[in-house]
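The values are calculated or read from the model by the stated rules, or taken from the named source; none is laboratory data. These figures come from a predicted structure and were not determined experimentally. All Cβ positions, glycine included, derive from the backbone under ideal geometry; neighbour counts span all protein chains shown. We work out accessible area using only protein heavy atoms, side chains counted, and drop any ligands, DNA or RNA first. Shrake-Rupley method; radii C 1.70, N 1.55, O 1.52, S 1.80 Å.
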Amino acid sequence: MTDERSSFRQVVQRVLADSWPPLAEYASGVLPPNAERLGKVSDELGWWELEDEDGGFEFASIAIQQLGGALGPGELLQGLCVNPVIAGLADPRRVACSWSGSGPLRGGFSGEVSWCLAAGDDVERVLVFAEQAGELVAALVRSRGEGARLEPMTGSDPTRRFWRLAMNDVPPGEPEILARGDEAAALMRAVEQRISVGLALDSLGIARSALALTLAYAKIREQFGAPIGSFQAVKHRCVDMFVLVETADVLVEAAVTAVASGESLGPSGAASIAMAKAASCDAAAEVTRLALQTHGGIGYTWEHPCHLLVRRAKLNQALGGSSRSLRRAVADGLLLNIPSHGERR
(Lines give C-alpha, C1' and ligand atoms only; values in the text may rest on other atoms or scores of the structure.)
Protein backbone atom coordinates (compact mmCIF):
# COMPACT_ATOMS: atom_id res chain seq x y z
CA MET A 1 0.00 0.00 0.00
CA THR A 2 1.33 3.44 -0.94
CA ASP A 3 1.98 6.15 1.64
CA GLU A 4 -0.92 8.18 0.22
CA ARG A 5 -3.40 5.33 0.64
CA SER A 6 -2.07 4.59 4.13
CA SER A 7 -2.58 8.23 5.10
CA PHE A 8 -6.08 8.18 3.65
CA ARG A 9 -6.88 5.07 5.70
CA GLN A 10 -5.91 6.95 8.84
CA VAL A 11 -8.23 9.80 7.81
CA VAL A 12 -11.14 7.40 7.32
CA GLN A 13 -10.45 5.76 10.68
CA ARG A 14 -10.53 9.16 12.41
CA VAL A 15 -13.80 10.06 10.68
CA LEU A 16 -15.37 6.77 11.76
CA ALA A 17 -14.10 7.26 15.31
CA ASP A 18 -15.81 10.67 15.46
CA SER A 19 -19.02 9.88 13.56
CA TRP A 20 -19.75 6.19 14.11
CA PRO A 21 -20.02 4.22 17.36
CA PRO A 22 -17.39 1.59 18.20
CA LEU A 23 -18.44 -1.99 17.63
CA ALA A 24 -19.06 -2.64 21.32
CA GLU A 25 -21.41 0.36 21.67
CA TYR A 26 -23.01 -0.39 18.32
CA ALA A 27 -23.90 -3.89 19.52
CA SER A 28 -25.25 -2.79 22.90
CA GLY A 29 -27.40 -0.07 21.34
CA VAL A 30 -26.09 2.63 23.69
CA LEU A 31 -25.28 4.82 20.69
CA PRO A 32 -27.57 4.22 17.69
CA PRO A 33 -25.73 4.42 14.36
CA ASN A 34 -25.89 7.93 12.93
CA ALA A 35 -25.80 7.28 9.20
CA GLU A 36 -26.97 10.80 8.38
CA ARG A 37 -24.08 12.40 10.25
CA LEU A 38 -21.53 10.09 8.66
CA GLY A 39 -23.05 10.81 5.24
CA LYS A 40 -22.66 14.55 5.76
CA VAL A 41 -19.05 14.14 6.84
CA SER A 42 -18.30 12.02 3.78
CA ASP A 43 -19.85 14.78 1.64
CA GLU A 44 -17.61 17.37 3.23
CA LEU A 45 -14.52 15.20 2.70
CA GLY A 46 -15.41 14.56 -0.93
CA TRP A 47 -15.61 10.76 -0.71
CA TRP A 48 -18.22 10.70 -3.46
CA GLU A 49 -15.84 12.39 -5.92
CA LEU A 50 -12.87 10.11 -5.27
CA GLU A 51 -13.14 8.44 -8.65
CA ASP A 52 -12.94 11.72 -10.49
CA GLU A 53 -9.19 11.53 -9.96
CA ASP A 54 -6.76 9.04 -11.51
CA GLY A 55 -6.70 5.84 -9.49
CA GLY A 56 -9.57 7.16 -7.40
CA PHE A 57 -11.10 3.74 -6.81
CA GLU A 58 -7.94 2.67 -5.00
CA PHE A 59 -8.75 5.32 -2.39
CA ALA A 60 -12.48 4.55 -2.43
CA SER A 61 -11.60 0.93 -1.71
CA ILE A 62 -9.92 2.02 1.53
CA ALA A 63 -13.10 3.76 2.66
CA ILE A 64 -15.27 0.76 1.73
CA GLN A 65 -13.05 -1.66 3.65
CA GLN A 66 -12.94 0.54 6.75
CA LEU A 67 -16.73 0.99 6.62
CA GLY A 68 -17.12 -2.78 6.50
CA GLY A 69 -14.93 -3.25 9.56
CA ALA A 70 -17.03 -0.70 11.46
CA LEU A 71 -20.34 -2.12 10.17
CA GLY A 72 -21.01 1.19 8.45
CA PRO A 73 -24.25 2.13 6.66
CA GLY A 74 -25.09 0.39 3.43
CA GLU A 75 -25.94 3.54 1.50
CA LEU A 76 -22.29 4.61 1.70
CA LEU A 77 -21.24 1.24 0.29
CA GLN A 78 -23.67 1.74 -2.59
CA GLY A 79 -22.51 5.32 -3.09
CA LEU A 80 -18.80 4.57 -3.16
CA CYS A 81 -19.04 1.40 -5.21
CA VAL A 82 -21.95 1.43 -7.69
CA ASN A 83 -22.93 5.07 -8.04
CA PRO A 84 -19.84 6.08 -10.08
CA VAL A 85 -20.90 3.60 -12.78
CA ILE A 86 -24.30 5.24 -13.30
CA ALA A 87 -23.32 8.83 -12.47
CA GLY A 88 -23.40 9.84 -16.13
CA LEU A 89 -26.83 8.31 -16.69
CA ALA A 90 -28.87 9.50 -13.72
CA ASP A 91 -28.66 11.17 -10.31
CA PRO A 92 -27.00 8.31 -8.41
CA ARG A 93 -27.98 9.66 -4.98
CA ARG A 94 -31.61 8.78 -5.67
CA VAL A 95 -31.07 5.42 -7.34
CA ALA A 96 -30.88 1.95 -5.79
CA CYS A 97 -30.01 -1.39 -7.38
CA SER A 98 -30.21 -5.04 -6.45
CA TRP A 99 -27.18 -6.66 -4.83
CA SER A 100 -28.49 -10.21 -5.21
CA GLY A 101 -26.83 -11.00 -8.55
CA SER A 102 -29.96 -12.73 -9.84
CA GLY A 103 -29.64 -11.45 -13.42
CA PRO A 104 -32.21 -9.68 -15.62
CA LEU A 105 -35.96 -10.09 -15.24
CA ARG A 106 -37.62 -12.29 -17.83
CA GLY A 107 -40.62 -10.94 -19.64
CA GLY A 108 -40.30 -7.21 -19.04
CA PHE A 109 -40.99 -5.06 -15.99
CA SER A 110 -43.17 -7.37 -13.99
CA GLY A 111 -41.94 -9.28 -10.97
CA GLU A 112 -39.67 -8.57 -8.02
CA VAL A 113 -36.23 -7.04 -7.61
CA SER A 114 -34.94 -7.96 -4.15
CA TRP A 115 -32.04 -6.92 -1.96
CA CYS A 116 -31.90 -3.32 -3.15
CA LEU A 117 -29.33 -1.54 -1.02
CA ALA A 118 -30.45 2.03 -0.49
CA ALA A 119 -31.22 4.84 1.91
CA GLY A 120 -34.93 4.01 1.89
CA ASP A 121 -37.20 7.06 1.74
CA ASP A 122 -34.69 9.04 -0.34
CA VAL A 123 -34.77 6.52 -3.19
CA GLU A 124 -36.76 7.70 -6.18
CA ARG A 125 -35.83 5.07 -8.77
CA VAL A 126 -34.46 1.54 -8.92
CA LEU A 127 -32.04 0.35 -11.59
CA VAL A 128 -33.63 -2.70 -13.23
CA PHE A 129 -32.26 -5.00 -15.93
CA ALA A 130 -34.94 -6.82 -17.89
CA GLU A 131 -35.58 -8.57 -21.18
CA GLN A 132 -38.06 -6.64 -23.28
CA ALA A 133 -39.15 -8.01 -26.65
CA GLY A 134 -36.14 -10.31 -26.70
CA GLU A 135 -33.69 -7.51 -25.95
CA LEU A 136 -31.85 -6.70 -22.75
CA VAL A 137 -32.62 -3.23 -21.43
CA ALA A 138 -31.40 -1.20 -18.46
CA ALA A 139 -34.04 1.10 -17.02
CA LEU A 140 -34.91 3.25 -14.03
CA VAL A 141 -38.26 2.34 -12.49
CA ARG A 142 -39.98 4.76 -10.13
CA SER A 143 -39.93 3.28 -6.65
CA ARG A 144 -43.46 4.47 -5.98
CA GLY A 145 -44.81 4.86 -9.48
CA GLU A 146 -47.68 3.22 -11.30
CA GLY A 147 -47.47 -0.55 -10.99
CA ALA A 148 -44.41 -0.47 -8.69
CA ARG A 149 -43.78 -0.12 -4.97
CA LEU A 150 -40.68 -0.20 -2.80
CA GLU A 151 -40.99 -2.25 0.39
CA PRO A 152 -38.51 -2.73 3.26
CA MET A 153 -36.99 -6.19 3.64
CA THR A 154 -36.09 -7.92 6.86
CA GLY A 155 -33.07 -10.16 7.02
CA SER A 156 -30.56 -11.70 9.38
CA ASP A 157 -28.27 -8.67 9.13
CA PRO A 158 -29.68 -5.75 11.17
CA THR A 159 -26.81 -3.39 10.29
CA ARG A 160 -28.02 -2.54 6.77
CA ARG A 161 -31.35 -1.62 5.20
CA PHE A 162 -32.49 -3.54 2.15
CA TRP A 163 -35.59 -3.02 0.03
CA ARG A 164 -37.69 -4.95 -2.43
CA LEU A 165 -39.18 -3.46 -5.60
CA ALA A 166 -42.43 -5.20 -6.46
CA MET A 167 -43.63 -4.55 -10.02
CA ASN A 168 -46.97 -5.52 -11.50
CA ASP A 169 -47.27 -4.61 -15.18
CA VAL A 170 -45.45 -1.30 -15.12
CA PRO A 171 -46.77 0.77 -18.07
CA PRO A 172 -44.48 0.59 -21.14
CA GLY A 173 -43.76 4.31 -21.12
CA GLU A 174 -43.08 4.54 -17.39
CA PRO A 175 -39.50 3.15 -17.03
CA GLU A 176 -36.75 5.46 -18.17
CA ILE A 177 -34.66 3.38 -20.56
CA LEU A 178 -30.94 3.99 -20.07
CA ALA A 179 -29.46 1.47 -22.48
CA ARG A 180 -30.37 -1.40 -24.78
CA GLY A 181 -28.65 -4.43 -26.20
CA ASP A 182 -24.87 -4.49 -25.91
CA GLU A 183 -24.79 -1.20 -23.99
CA ALA A 184 -27.22 -2.59 -21.42
CA ALA A 185 -25.17 -5.79 -21.14
CA ALA A 186 -21.98 -3.78 -20.57
CA LEU A 187 -23.70 -1.67 -17.91
CA MET A 188 -25.03 -4.79 -16.18
CA ARG A 189 -21.56 -6.37 -16.13
CA ALA A 190 -20.05 -3.17 -14.75
CA VAL A 191 -22.65 -2.96 -11.97
CA GLU A 192 -22.29 -6.65 -11.10
CA GLN A 193 -18.51 -6.33 -10.91
CA ARG A 194 -18.71 -3.24 -8.73
CA ILE A 195 -21.09 -5.09 -6.40
CA SER A 196 -18.69 -8.04 -6.22
CA VAL A 197 -15.75 -5.77 -5.42
CA GLY A 198 -17.82 -3.86 -2.87
CA LEU A 199 -18.86 -7.04 -1.09
CA ALA A 200 -15.27 -8.30 -1.20
CA LEU A 201 -13.94 -5.11 0.40
CA ASP A 202 -16.74 -5.01 2.95
CA SER A 203 -16.06 -8.65 3.88
CA LEU A 204 -12.33 -8.05 4.18
CA GLY A 205 -13.05 -5.24 6.63
CA ILE A 206 -15.34 -7.54 8.61
CA ALA A 207 -12.67 -10.27 8.74
CA ARG A 208 -10.02 -7.83 9.95
CA SER A 209 -12.30 -6.53 12.70
CA ALA A 210 -13.15 -10.07 13.82
CA LEU A 211 -9.46 -10.98 13.91
CA ALA A 212 -8.59 -7.85 15.91
CA LEU A 213 -11.36 -8.53 18.43
CA THR A 214 -10.21 -12.12 18.84
CA LEU A 215 -6.53 -11.24 19.35
CA ALA A 216 -7.42 -8.59 21.92
CA TYR A 217 -9.72 -10.97 23.79
CA ALA A 218 -7.19 -13.83 23.76
CA LYS A 219 -4.70 -11.59 25.58
CA ILE A 220 -7.02 -10.73 28.49
CA ARG A 221 -9.27 -13.79 28.92
CA GLU A 222 -7.71 -16.18 31.39
CA GLN A 223 -8.27 -19.87 32.01
CA PHE A 224 -6.29 -22.08 34.41
CA GLY A 225 -4.39 -19.00 35.51
CA ALA A 226 -3.10 -18.01 32.07
CA PRO A 227 -4.37 -15.98 29.07
CA ILE A 228 -6.07 -18.25 26.55
CA GLY A 229 -3.80 -16.76 23.89
CA SER A 230 -0.94 -18.72 25.43
CA PHE A 231 -2.63 -22.03 24.63
CA GLN A 232 -1.39 -23.78 21.51
CA ALA A 233 -4.88 -24.56 20.16
CA VAL A 234 -5.90 -20.91 20.37
CA LYS A 235 -2.62 -19.81 18.79
CA HIS A 236 -3.21 -22.14 15.84
CA ARG A 237 -6.74 -20.84 15.43
CA CYS A 238 -5.56 -17.23 15.39
CA VAL A 239 -2.88 -18.08 12.82
CA ASP A 240 -5.51 -19.73 10.63
CA MET A 241 -7.63 -16.59 10.84
CA PHE A 242 -4.63 -14.41 9.97
CA VAL A 243 -3.78 -16.52 6.92
CA LEU A 244 -7.36 -16.31 5.65
CA VAL A 245 -7.39 -12.53 6.01
CA GLU A 246 -4.01 -11.98 4.34
CA THR A 247 -4.81 -14.34 1.47
CA ALA A 248 -8.08 -12.55 0.81
CA ASP A 249 -6.29 -9.20 1.02
CA VAL A 250 -3.93 -10.13 -1.84
CA LEU A 251 -6.82 -11.17 -4.10
CA VAL A 252 -8.92 -8.13 -3.20
CA GLU A 253 -6.01 -5.81 -3.96
CA ALA A 254 -5.68 -7.40 -7.40
CA ALA A 255 -9.40 -6.81 -8.02
CA VAL A 256 -9.12 -3.17 -6.91
CA THR A 257 -6.21 -2.66 -9.29
CA ALA A 258 -8.24 -4.16 -12.14
CA VAL A 259 -11.11 -1.75 -11.48
CA ALA A 260 -8.86 1.29 -11.03
CA SER A 261 -6.95 0.55 -14.25
CA GLY A 262 -10.10 -0.03 -16.31
CA GLU A 263 -9.23 -3.69 -16.99
CA SER A 264 -12.13 -5.12 -14.98
CA LEU A 265 -14.29 -5.88 -18.04
CA GLY A 266 -11.55 -8.00 -19.62
CA PRO A 267 -11.20 -11.74 -18.94
CA SER A 268 -8.32 -11.41 -16.48
CA GLY A 269 -9.95 -8.53 -14.63
CA ALA A 270 -13.27 -10.35 -14.38
CA ALA A 271 -11.48 -13.43 -13.03
CA SER A 272 -9.64 -11.32 -10.43
CA ILE A 273 -12.91 -9.83 -9.21
CA ALA A 274 -14.64 -13.20 -9.02
CA MET A 275 -11.76 -14.76 -7.08
CA ALA A 276 -11.60 -11.77 -4.71
CA LYS A 277 -15.31 -11.92 -3.95
CA ALA A 278 -15.27 -15.68 -3.35
CA ALA A 279 -12.13 -15.64 -1.20
CA SER A 280 -12.94 -12.61 0.94
CA CYS A 281 -16.56 -13.55 1.62
CA ASP A 282 -15.59 -17.11 2.52
CA ALA A 283 -12.75 -15.78 4.68
CA ALA A 284 -15.09 -13.41 6.51
CA ALA A 285 -17.59 -16.19 7.18
CA GLU A 286 -14.90 -18.51 8.55
CA VAL A 287 -12.98 -15.88 10.51
CA THR A 288 -16.15 -14.60 12.22
CA ARG A 289 -17.12 -18.19 13.04
CA LEU A 290 -13.74 -18.81 14.64
CA ALA A 291 -13.96 -15.48 16.45
CA LEU A 292 -17.32 -16.46 17.90
CA GLN A 293 -15.89 -19.81 18.98
CA THR A 294 -12.83 -18.24 20.60
CA HIS A 295 -14.90 -15.71 22.55
CA GLY A 296 -16.94 -18.49 24.07
CA GLY A 297 -20.10 -17.58 25.97
CA ILE A 298 -19.61 -13.80 25.81
CA GLY A 299 -19.45 -13.97 22.03
CA TYR A 300 -22.99 -15.34 21.88
CA THR A 301 -24.55 -12.48 23.81
CA TRP A 302 -26.45 -9.64 22.14
CA GLU A 303 -24.19 -7.09 23.82
CA HIS A 304 -21.10 -8.38 22.00
CA PRO A 305 -20.52 -7.39 18.33
CA CYS A 306 -19.45 -10.90 17.28
CA HIS A 307 -22.94 -11.90 16.18
CA LEU A 308 -23.27 -8.74 14.06
CA LEU A 309 -20.03 -9.53 12.25
CA VAL A 310 -21.16 -13.12 11.65
CA ARG A 311 -24.53 -12.02 10.25
CA ARG A 312 -23.05 -9.46 7.90
CA ALA A 313 -20.39 -11.91 6.71
CA LYS A 314 -22.94 -14.62 5.95
CA LEU A 315 -25.20 -12.27 4.02
CA ASN A 316 -22.25 -10.94 1.99
CA GLN A 317 -21.41 -14.54 1.17
CA ALA A 318 -24.90 -15.06 -0.26
CA LEU A 319 -25.25 -11.77 -2.14
CA GLY A 320 -23.67 -11.09 -5.52
CA GLY A 321 -23.48 -14.76 -6.51
CA SER A 322 -22.32 -17.73 -4.46
CA SER A 323 -18.64 -18.55 -4.05
CA ARG A 324 -19.18 -21.85 -5.84
CA SER A 325 -20.68 -20.17 -8.91
CA LEU A 326 -17.89 -17.57 -9.00
CA ARG A 327 -15.15 -20.19 -8.79
CA ARG A 328 -16.88 -22.24 -11.46
CA ALA A 329 -16.96 -19.20 -13.75
CA VAL A 330 -13.23 -18.65 -13.22
CA ALA A 331 -12.53 -22.32 -13.93
CA ASP A 332 -14.63 -22.23 -17.12
CA GLY A 333 -12.62 -19.23 -18.30
CA LEU A 334 -9.33 -21.01 -17.66
CA LEU A 335 -10.50 -24.12 -19.51
CA LEU A 336 -11.25 -22.06 -22.60
CA ASN A 337 -7.53 -21.39 -22.98
CA ILE A 338 -6.59 -25.07 -22.84
CA PRO A 339 -6.13 -26.48 -26.35
CA SER A 340 -8.18 -29.49 -27.37
CA HIS A 341 -6.72 -32.97 -27.60
CA GLY A 342 -6.25 -32.64 -31.34
CA GLU A 343 -4.47 -29.32 -31.02
CA ARG A 344 -2.03 -30.68 -28.45
CA ARG A 345 -0.98 -33.33 -30.93
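A few remarks follow.
- For Ser100, the residues whose modelled amide H falls within less than 5 Å of its own, excluding neighbours fewer than 5 places apart on the same chain, are Gly320.
- DSSP-loop trypsin sites (Lys or Arg not before Pro) across the range 198-256, with at most 16 other Cβ within 10 angstrom: Arg221
- Charge tally in the Cβ shell below 10 Å around Leu136, where Lys, Arg are +1 and Asp, Glu are -1, Leu136 excluded: -3
- Interchain or long-range residues, amide H under 5 Å from Leu178's placed H: Ala138, Ala139, Leu140
- Residue-level accessible surface for Ser268, protein heavy atoms, 1.4 Å, Å²: 80 Å²
- Rg/Rh ratio calculated on Cα atoms of the range 162-254 (Kirkwood radius): 1.30
- Counting all C-alpha pairs of the range 213-345, share separated by more than 27 Å (%): 37 percent
- A crude spin-label estimate for the pair Asp3 and Leu215, with each label 7 Å from Cα along the Cβ direction, gives 2.5 nm.
- Size check on the chain: the Cα extents along the three principal axes, sorted descending, read 72, 65, 37 Å.
- Accessible surface, 1.4 Å probe, highest first, among residues His295, His304: His304, His295
- Using a probe of 1.4 Å, the accessible surface attributed to Glu44 totals some 150 Å² when neighbouring protein chains are kept in position.
- Annotation: average projected area of the range 135-189 is 4.9 square nanometres, based on the convex hull of Cα atoms across all directions.
- Surface listing: Leu80, Leu23, Leu251, Leu336 arranged by accessible area from highest to lowest gives Leu336, Leu251, Leu23, Leu80, probe 1.4 Å.
- At least 18 Å along the helix axis (C-alpha) and Kyte average at least -1.0, DSSP helices within the chain: 3-19, 56-69, 181-220, 232-260, 267-295, 306-318, 323-336
- Surface calculation, 1.4 Å probe, protein heavy atoms: Leu215 sits at approximately 70 Å² accessible.
- The range 110-159 and the range 67-88: distance between their alpha carbon centers, rounded to Å: 17 Å
- GluC sites (Glu not before Pro) restricted to the range 251-345 and DSSP loop, no more than 14 other C-beta within 10 Å: Glu263, Glu303
- Probe 1.4 Å, all protein chains present, accessible-area order of Asp332, Asp18, Asp157, largest first: Asp18, Asp332, Asp157
- Projecting the Cα atoms of Gly101, Gly269, Pro305 onto the dipole axis of the chain, where Lys and Arg carry +1 and Asp and Glu carry -1 at the beta carbon, places Pro305 farthest toward the positive end.
- Positive minus negative residues near Glu246 (Lys, Arg vs Asp, Glu; Cβ under 13 Å): -2
- Long-range HN-HN contacts of Gly111 with modeled amide H, under 5 Å: Met167, Asn168, Asp169
- For the chain, averaging the sequence separation of C-alpha pairs within contact (under 8 Å, six or more residues apart) and dividing by the residue count gives a relative contact order of 17 percent.
- Share of carbon and sulfur in the accessible heavy-atom surface of the chain [1.4 Å probe, %]: 52 percent
- Average accessible area per residue (Å²) across the chain - probe 1.4 Å, nucleic acids and ligands excluded: 48 Å²
- Contact order normalised by residue count of the range 142-263, Cα under 8 Å, 6+ apart, percent: 16 percent
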